[in-house]
1. For helix 62-73, report the angle its Cα long axis makes with the longest principal axis of the Cα atoms of the chain; keep it between 0 and 90° and round to the nearest 10°.
2. Quick check: the distance between the Cα centres of the stretch 491-533 and the stretch 88-167, to the nearest angstrom?
3. In Å², what does the accessible area per residue of the chain work out to with a 1.4 Å probe?
4. Regarding the stretch 167-216, what is the average projected area of its C-alpha convex hull, in nm²?
5. Using only Cα atoms, tell me the angle between helix 147-158 and the longest principal axis of the chain; keep it within 0 to 90° and round to the nearest 10.
6. How do the peptides 214-221, 277-284 rank, highest first, by the average count of neighbouring beta carbon atoms within 10 Å per residue?
7. Can you give the net charge of the other residues whose Cβ lies under 10 Å from the Cβ of Ala65, counting K and R as +1 and D and E as -1?
8. Using every pair of alpha-carbon atoms in the stretch 229-429, split the distances into 5 Å bins beginning at 0 and state the percent of pairs per bin, rounded to integers.
Amino acid sequence: MRFGELADAYARLESTKKRLEMRAILVELLRPLRPPELSRVLYLSQGMLRPEYEGVELGVADSLARKAVALATHTKDTEVARQTKSTGDLGTTVGQLLEEQHRLESDEPLTVAHVYGELERIAVAKGEGSQDVKVQVLTTLLGRATPVEAKFLVRFVLGTLRVGVRELTILDALTEVYAEGSKAGRTRIEAAFNLSSDLGLVAAALVEGGVEALEKIGLEVGRPIRPMLAEREPSLEAVLERMHGKAAVEYKYDGLRVQAHIARDRSVRLFSRRLEETSAQFPELVADLPHAVRSLPAIVEGEVVPIDLETDEIQPFQEVSRRRGRKHDLQKAQEEIPVCVFLFDVLLAGGEPVYEKDLAERRALLESILRPTERVRLATQRTVTTAEEALAFLDEAVAAGGEGLMAKSVAPGSGYRAGARGYWWIKYKRDYTVGLTDSIDGVVVGAFQGRGRRAGKFGAFLLAVYDPKRDRFESFCKVGSGFDDAALAEMPKRLHPFLTAEKPPEVDTSAAPDQWLRPGLVLEVRGAELTLSPVHPAGLGAVRAGVGLALRFPRFTGRIREEKGPTDATTSLELVHMYRSQVRQASEEKPETVGESG
Ligand code: ATP
């Protein structure tokens, strides 16, 4: 195929916004093509050389492309820059320059195969001298291009080719060409794409044997599956109703989704929700996953969250996002912001695809093949049959650092639906998220042994508020963050006077610290927000029967309230007021969004 035909099709696609017209243009373009040309045209039309997940980039900066345009059109670089300022697009500029020069199609017109090959050369050019290679290859291509070809070539290399060909339109066109536009055909074509994330592969199979040949496209380690997505419901009652009265609920961890592909040779590739490879970002997971997951090759899914390995507390998500783009500092980032992954699904195990099995079966399999490590853990899951049970689980999830719950259908047919958003999974986040501005003065009533670098020392502390009416101390958080080495080293000395072998009778908590302490030392802490808690009894029953309050993501401010005795600490009632004002603020800000955040 001549490249000019493709460029003409782009020009026509660009001039319409109507999906039906676009489909017709695509159908005409694709019908006569055969692999590998067909796959290449599909990738090119989406502005890529290979399926998106392979992350192939051309590495052509504006200045480099401008240089090639200047050379190919014998125009000064500054002049090209000046014209581009007014056209707003280097592609348009090169088209105009060549028009003015009356550039015609050469005797040897460009072909798609040749252009694709040359673009591949640009993509693989790396390191010293690569810039010169890129300029030279692009200049030669532009030297042979017609104005319209040059326009789209330049846009392609700059990543600004926007002819509006989305995946859905391509799927429509392929259905038209290879399945007579039938609905059933469309479903199967889309399913094959969702499993392979590769339109070129799907198209090649269609040419080979029509829709039937798609059966051959299965899961392959190293090729990401488009993720299953969740719907929303405004209340837990509605969630349960959708699930016909029974659901598996899981903590909804607030981090980054990963799909881990672990090959038989123990090599690991991680992909994000958008199918970008993220392996380089999480070397510690790449190292741990092959040990934690038996039965290779395997494909598992989970959520990566930052975790304090010394206290085992999940940290706010912002911490993990700080790791992005820190390639050079990765070692440091790994130490500063350790992460772990909570696995919630398995799609391939021992080389066998299991994604079609019902959720309960997949979960049982995941549990059986997983040998959890510090870095690779299992997502907490429970089966519930009432909204009350779901609510209790939600409180627990949030208290553990989650942002809500994920309800998953356990009905027959609850297989993994690649690339689909539906009510088989329903996300339910907490109904408000408002920051807590006040600090809280908490009394230390227990201590936990540290781990890792904090081994042999106390690593975290159980804090309580005071209820003067009942004269009792009620726990509201376990805090491990915010202590530097010096502060931590000081704690045993500070706490020594209060050590006691038994739980002090005036303390209420269902937490189980390694060391009990009589209420004495008061610490100032801050946190993200107050949440309902089944573990901590602070203000028990004031908001909801049988449930207390907890501070989410607590952090020691560094200030020991020397001037305060235990009964001068923040009171339970103050805590309840803080919680209420938080809820009020939230409902004033977004009155209609109960359960709809995110
Ligand atoms: P979506 O991914 O649904 O388009 P979004 O990007 O805003 O929306 P969320 O609303 O946070 O994401 O909810 C879905 C995400 O929750 C999943 O993609 C996954 O990353 C994350 N998640 C956390 N815990 C779980 C779990 N136990 N099961 C499934 N997904 C989970």
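1. 0
2. 68
3. Numbers: 26850 Å² over 598 residues.
Using a 1.4 Å probe on heavy atoms only, each residue of the chain averages 45 Å².
4. That works out to 2.8 nm².
5. 20
6. Packing proxy ranking, top to bottom: 277-284, 214-221.
7. Details: positive: Arg66, Lys67, Lys134, Arg155; negative: Asp62.
Around Ala65, the charge tally is +3.
8. 1, 8, 16, 20, 20, 17, 11, 6, 2, 0, 0
The values are calculated or read from the model by the stated rules, or taken from the named source; none is laboratory data. Computed from a prediction, not measured in an experiment: that's the story for all the values here. Glycine gets a Cβ as well: all are built from the backbone with ideal geometry, and neighbour counts include every protein chain shown. Just the protein is used for accessible areas: all its heavy atoms, side chains included, with ligands, DNA and RNA removed. Shrake-Rupley method; radii C 1.70, N 1.55, O 1.52, S 1.80 Å.
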